[in-house]
Amino acid sequence: MHADKVKVVEVGPRDGLQNEKSLIPTETKVALIDQLTDAGFPNIEVASFVSPKWVPQMADGAQVMAAIRRRPGTIYSALTPNMKGLEGALAAGADEVVIFGAASEAFSQKNINCSIAESMARFEPVAAAAKAKGVRLRASVSCALGCPYQGEVPIDAVVDVVRRMRELGCDEIDIADTIGVGTPDKVKAVMLAAATEFPLAQLSGHFHDTYGHALANVEASLEAGIRIFHASVAGLGGCPYAKGATGNVATEALLQRLASLGMQTGVDLDKVIAAAGLISGAIGKPVLQ
Ligand code: HMG
Ligand code: MG
């Protein structure tokens, strides 16, 4: 990727909505995704094929994916924690599946009900099947900057999971600050350490903005050479298994900051603002200005 080009992955329809308590109608999710598609994102995370008992909001992933309008060139991604999830995502026509592990044992247990080692064993057949089908494979590494249960997470633990994800054949790996505790120096150090095991150009920054550090962390990552960032329209979101964590960096804010730094994304900010208005109205949350 060119030095001033950034890929923005819109994760609002998944990470943004998964934490909403009242069930959002499928049509509203579809309308949101269609607006985001029109805004020109190269990649949108649209669904999770996880247990509906664990995350009821994501139970309609298949219906959502069947109803959205797809733009050629946009990658529509879905989370797949195990083979059951993978089968659902493939049947729904996901272009990319996302296995999600953690650098913290405690978070792995809370989020996906197994140890890090067990999660890797579960991901193995998922990764192999995705590759066999020619579907892109991405991995998220949660709690790469800190954990709500265990606190500090050593950089070595992040690097170890990144290495194992590389061995599974991942095309892209997300370094995720699940609870927004990362600070620019630490983020840069983690990115550079992760890059010892995986190509820098295929690493991404997934920053929740709990303490308002996300944009500073994006800038620190840019300095380290990262050119892929996740963001959530209207700054929605959080993880049901990371109490108190707020949403991802707002897409509108990320796009404005990247533009001010001379970075190109190919995404239409006005259309994202319109999409933010739609979803904020639908779920009764204020729109960011
Ligand atoms: P488990 O209970 O250990 O799984 O859950 P199990 O295999 O024993 O199955 C238990 C039940 O779940 C069975 O149903 C399965 O059929 C069903 P029952 O027999 O009881 O009726 N089941 C499924 N149903 C639908 N789709 C599936 C599936 N798998 C099992 N794929 C499991 C393990 C991983 C499934 C569970 O822990 C789970 O679904 N966790 C959800 C975690 C989640 O979605 N978290 C939020 C997303 S991650 C995130 O937000 C972080 C990220 O943004 C990065 C960051 O910020 O850090 C990515
Ligand atoms: Mg997240």
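Near Lys285, which lysines are there with a Cα under 17 Å away, not counting those fewer than 8 places off in the same chain?
Cross-link targets: Lys21, Lys29.
Write out the chymotrypsin sites (Phe, Trp or Tyr not before Pro) in the stretch 181-289 meeting two conditions: DSSP loop, and at most 16 other Cβ atoms within 10 Å of their Cβ.
Hits after loop and neighbour filter: Tyr211.
What Kirkwood Rh does the chain have if only Cα atoms enter the pairwise 1/r average? Answer in Å.
Roughly 18.4 Å, rounded to one decimal.
Cross-link candidates for Lys133: which lysines have Cα within less than 23 Å, leaving aside residues fewer than 8 places away along the same chain?
Lys84
Can you give me the orientation-averaged projected area of the convex hull built on the Cα atoms of the stretch 142-289, in nm²?
9.0 nm²
Among Ser204, Phe229, Met165, whose Cα projects farthest towards the positive end of the dipole of the chain, with charges put on the beta-carbon of Lys, Arg (+1) and Asp, Glu (-1)?
Met165
Once you charge only the Cβ atoms, +1 for Lys and Arg and -1 for Asp and Glu, what is the size of the charge dipole of the stretch 1-86 about its Cα centre, to the nearest 20 debye?
Around 220 debye, computed over the stretch 1-86.
Please return the longest stretch of the chain lacking exposed loop sites, where trypsin sites (Lys or Arg not before Pro) count only if DSSP places them in a loop and at most 16 other Cβ atoms lie within 10 Å.
134-242
Take the solvent-accessible surface of the protein heavy atoms, probe 1.4 Å, and return the percent of it on the chain that carbon and sulfur atoms account for.
That fraction is 54 percent.
So which residue, out of Ser77, Ser115, Ser221, gets the largest mean-square fluctuation from a GNM of the chain using Cα contacts under 10 Å as springs?
Checking each option, the largest mean-square fluctuation is seen for Ser115.
The values are calculated or read from the model by the stated rules, or taken from the named source; none is laboratory data. Source: prediction; values computed, not measured. Counting neighbours? That spans all protein chains shown, and the Cβs are built from the backbone with ideal geometry, glycine included. For the accessible areas, the whole protein counts, side chains as well, though only heavy atoms, and no ligand, DNA or RNA atoms are used. Shrake-Rupley method; radii C 1.70, N 1.55, O 1.52, S 1.80 Å.
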